[in-house]
Structure formats: C-alpha cells, structure tokens
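Colleague: What follows is a structure written as structure tokens; I'll ask about it next.
The values are calculated or read from the model by the stated rules, or taken from the named source; none is laboratory data. The shown structure was predicted, so the numbers you read here are calculated from the model rather than taken from an experiment. A quick note on method: Cβ atoms are made from the backbone with ideal geometry, for glycine too, and the neighbour counts reach across all protein chains shown. These area figures cover heavy atoms from the full protein model, side chains too; ligands, DNA and RNA do not enter into them. Shrake-Rupley method; radii C 1.70, N 1.55, O 1.52, S 1.80 Å.
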Amino acid sequence: MRKTLIILALFLAPQFASAQEGSGPMSLKQCLDYSLENNVALQKDRIGVEIANQSRREIIGSLLPQIGASSQFTYNIQKTCFAMPNFVNDMMPEPMRDPNAPKYMTVTMGMDLSANWGVALTQQVINFSLYSAVGIANAAEEMARMGEKADVDDVISKTATLFYNAQILEYSLGLFDESLAVMERTSKLMEANRELGIVRNVDADRIAVTRTNLETEKQSLVQALEVQKNLLKLEMGFPMDQEIAIEPVDIDRIESMIFLESMPRFNVEEQLPFKMLQQQKEMLGLQKRAAVSEVLPVLVFNANYSMNYMGDHFYGETYHHFPVSMLSLSLKVPIFTGMSKTAKIKKAGLELQKAEHDERMLVQSLTMGYNNARMQMDQSRSTICSQKRNKDLAQDVLRVTETNYNEGLANLSDVLNASSSLIQAQMNYINALSSSVKSYIDLKKADGSISEINR
C-alpha cells in the first residue's frame, strides 16, 4: 500500500508543479482578451483589412503623377543598311551619268555608338473610371473593417458560450460529487446495518448499483468538460497541448446577469449586418457609376525630355548630342463598344435592385431573431426559477427522508427515490442554467451589444 502511494505521488508531482507554475484560473474577460488577440480568423481579418487599405492606396497612386526615367547605350556592330533608287546618278548632268550604274544603291545608317537618357511624366487629367475605382476601394476597405467587427462579435459569442458551458459542467461535477457523498454515507450505513442483520444483502447491492451509475455519469461529464475546454482553446487560439483552467462558476452572479438583463428597444438600423448591407449597396452604386464612366472620355497629359548621344566615338568630329522634349494631351473617346458597356450598366442596376430585396429580407430576419431571443430569454427566466425551487425542494425531501430513515420512519426505497429525484432535479437545474446562459448570449448578439459582455 505504501509503495502504491509513493508511485501515485511521483506520478502526480509533475502535474501539481505545472499547475502551481501556471497563471491560475482564467476569468471570462481574460479568455475574451486572449481570444481577440490570438484567434486565427481574426488575425486573417486584420490582414484582410490591411490588404484593402493597400489596394485603396494603389488606386489613389495611379491618380498621382507617374514619373519614370530611362537610359540606353548601344554599340552597333553591324549598322543597318537601306536599299534605295540610285537618285545620285539621276541627279548628275547627262554627260556625267554612268549608263552602267546600278538601278539601286545601298546606304549605311547610324554610327558605331549611341546613348540616351530621358525622363517621362504622365498625369491623368480626366479619368472617371479611376475616380469611381477610388470610391469602390474606400467602400471595400470599410466593408473589410465591418467584416472584422462581425467576426469579433462572433468570436466573443462563441468564446463566452464555451466558457459558460465549461463552468456549468464543472459545477455539475460538483453536484455529482455531493450525490456520490450521499451514496457513500448511505452505503456505509447499509454495511453497518447488514453486519447487524438489519438490512438485506439485496438492499446493499441496490445502493452499490446506484453509486456505480452515478460514477459512470460523472465520467461522461468529465469527458464532456474536456471536450468543451478543447473547443474553448481552439476558439481562443490557445495551445492545444497546454492545460487551461477557468474560474469556478458564480451561480448568484449568473442568475443576476440573467434576471437583470434589460430588454432594450430594438433598432434594426444600428445592427451591424444592416450597416454592412448598406455599405454593400453603396459599393454596388459605385460599381454602376464606374460602368457608366467607362463610356466617358479620358484625358491624359504627357511630358518627355531626353538627351541623345551618337558618334563613332564619344569625342571628335563624329560626336553629336542633342536634346528632345515633348508635351502632349491624349484624349480617348469610346464611340462604339459592341453594346457590352450598356449591358454592364444594366447588370449593375439589376444588382442594386437585388440588394434592395436583400435589405427587406434582412430587416425581417433581424427583427425575428431579436423577438425570438427576447421570448426565449423570458422563457429561460421562468424555467430557471421553477427548476431552482424544484432543486431546493428535492434537497429538503432527501434531508428529511434520510432523517426519517435513520429513525426507522422510512425505508430504503424512500431514500433511493429521494436521492434519484434530487439528482434529476439538479440536472434539470443545470440544463435550465445552461439554456439561460445561451439565451442571454443570443439576446446580446441579437441586439448588437455582445461586445459589452463582461467587458
């Protein structure tokens, strides 16, 4: 026996030391802060917002002056030759013409060396497509930010739900331990009475069976708690190979939270999904404007300056250099595009009409979701009150029944029935508590205040 205890102590020592080295149980606020910082989906959203920001800057940059420089050096190993009519012989006086002269002559063009450098400037003067693209990029960046906010609310909702579920499961394990303690007391009493011949063996066996069933159910709860903690770690971005400890549940605080939650006046225009749809409609309007702008003129200003050098050598009488400069305005006017632009404009208009229908559906959906969450909250409050009274009543019944049994006024069946009723009442209360927390979170999410939870 002593050897077994030593081995058990050695086995538990590293785990105990690890628990002591940890930062202690995490509160809901700590879990939410950790989740908002480390959740993988939110990290991707932040990158998406930055991508949208850089895309907007890219389009704005195309409206600013574009300046470029270039240079070139060429060594002509073999110069270009041109064949042309022998006009030299034809231009000479008749007596001096060579009748046998070839009809065509070849002329070598260029020099051995050439070089140049230059600077070019391009500026969009009128380009309605780019103007619309800037507006679309601004709207896209705002959509990305709203999408990040929606994901933040979703992460808060999921993290809080998993946190409370884990807390309630731990609380239910404590209730099972209390029930097992009752079974243990009853079992010891039965063993003592059996030795005295007062209790039959079958009655003691019934206690043992009941205790075994409780231990089996407790083990199922332990596994369910581990699953909830793993889901919580996954949502938080917490290392899966590390243990996570959470604060024990405060039943009074949760009940206060549920019963003191106000029912605010619902305004659909303040809801994030509605705002996102409005932003989407604005983007569709800008896309239609961009489609219209594609049939409008485009005016571009260009300026160039370059210096050219050429010669057989970059010195001496064959060396020449001269500057070249140019200013220009380029106007592009679409005349006929095969009706493709017209179709594109009509398509953009149809997309706007579709968004109007989506808005009406969304308003109905959000209103229904809030009304359902409010109704469920009212029902949860009523249920948790009745189940709490039922649990307290079952505890009193078991206490009185145990007293009567010890005094010989009740039989074993009464004790077992009272114990089973208490366990069932406790599980019903736990389920009501879990449902109430879910209703509370759903209501906070439906009215758009989920980000305020325990902050």
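Colleague: Return the pair list, or none, for Cβ contacts closer than 6 Å from residues in the stretch 395-414 that are touching a residue at least 12 places away in the same chain (Cβ under 8 Å) to residues that are open to solvent by 40 Å² or more (accessible area, probe 1.4 Å), at least 6 apart or on different chains.
Modeller: Final answer for the pair search is Thr401/Asp414.
Colleague: Still on this structure, please answer the following. Has the stretch 114-125 got at least one residue that is more than 30 Å from Glu294 (Cβ to Cβ), of a type in the set (Ser, Thr, Tyr), in contact with a strand residue (DSSP E or B) (Cβ under 9 Å, 6 or more places away or on another chain) and outside any helix (DSSP H, G or I)?
Modeller: Looking through the stretch 114-125, at least one residue is more than 30 Å from Glu294 (Cβ to Cβ), of a type in the set (Ser, Thr, Tyr), in contact with a strand residue (DSSP E or B) (Cβ under 9 Å, 6 or more places away or on another chain) and outside any helix (DSSP H, G or I).
Okay, residues lined up against (1) within 39 Å of the chain's Cα centre (by Cα); (2) assigned to a loop (DSSP other than H, G, I, E, B); (3) at pLDDT below 90:
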site	(1), (2), (3)
Asp205	no, no, yes
Leu231	yes, no, no
Phe274	yes, no, no
Gly285	yes, no, no
Val292	yes, no, yes
Leu299	no, no, no
Asn302	no, no, no
Tyr305	no, no, no
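Colleague: Test each condition in (1) in a helix (DSSP H, G or I); (2) loosely packed, with under 12 Cβ neighbours inside 10 Å; (3) not small (Gly, Ala, Ser) for Pro334 and report the one that comes out false.
Modeller: The single condition Pro334 does not satisfy is (1).
Colleague: Looking at the stretch 306-325, which of its residues are more than 18 Å from Ser114 (Cβ to Cβ) and either without any contact (Cβ under 8 Å) to a residue 12 or more places away in the chain or surrounded by 15 or more Cβ atoms within 10 Å (Cβ to Cβ) (or both)? So that I can check it myself, show each step before the final result.
Modeller: Of the residues in the stretch 306-325, the ones more than 18 Å from Ser114 (Cβ to Cβ) are 325.
Once the filter is applied, which keeps residues that are more than 18 Å from Ser114 (Cβ to Cβ) and either without any contact (Cβ under 8 Å) to a residue 12 or more places away in the chain or surrounded by 15 or more Cβ atoms within 10 Å (Cβ to Cβ) (or both), the stretch 306-325 yields nothing.
Colleague: With the checklist (1) of a type outside the set (Phe, Trp, Tyr); (2) closer than 23 Å to Val209 by Cα; (3) open to solvent by 40 Å² or more (accessible area, probe 1.4 Å) in hand, flag the one item Glu452 doesn't pass.
Modeller: (2)
The rows are residues; the columns are (1) closer than 28 Å to Ala303 by Cβ; (2) hydroxyl-bearing (Ser, Thr, Tyr); (3) open to solvent by 60 Å² or more (accessible area, probe 1.4 Å).
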{"site": "Asp98", "(1), (2), (3)": "no, no, yes"}
{"site": "Pro102", "(1), (2), (3)": "no, no, yes"}
{"site": "Trp117", "(1), (2), (3)": "yes, no, yes"}
{"site": "Ala133", "(1), (2), (3)": "yes, no, no"}
{"site": "Asn138", "(1), (2), (3)": "no, no, yes"}
{"site": "Met143", "(1), (2), (3)": "no, no, no"}
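Colleague: Working only within the stretch 250-271, note down all residues that are within 30 Å of Leu362 (Cβ to Cβ) and open to solvent by 80 Å² or more (accessible area, probe 1.4 Å). Walk me through how you get there before you give the answer.
Modeller: Going residue by residue through the stretch 250-271, those that are within 30 Å of Leu362 (Cβ to Cβ) are 257-258, 261-271.
Of everything in the stretch 250-271, those that are within 30 Å of Leu362 (Cβ to Cβ) and open to solvent by 80 Å² or more (accessible area, probe 1.4 Å) turn out to be Arg265, Glu269, Glu270.
Colleague: Let me ask you something else. Run Met368 past the list (1) in contact with a helix residue (DSSP H, G or I) (Cβ under 9 Å, 6 or more places away or on another chain); (2) within 30 Å of Phe266 (Cβ to Cβ) and report the number of the one that doesn't hold.
Modeller: Among (1) in contact with a helix residue (DSSP H, G or I) (Cβ under 9 Å, 6 or more places away or on another chain); (2) within 30 Å of Phe266 (Cβ to Cβ), the lone unmet condition for Met368 is (1).
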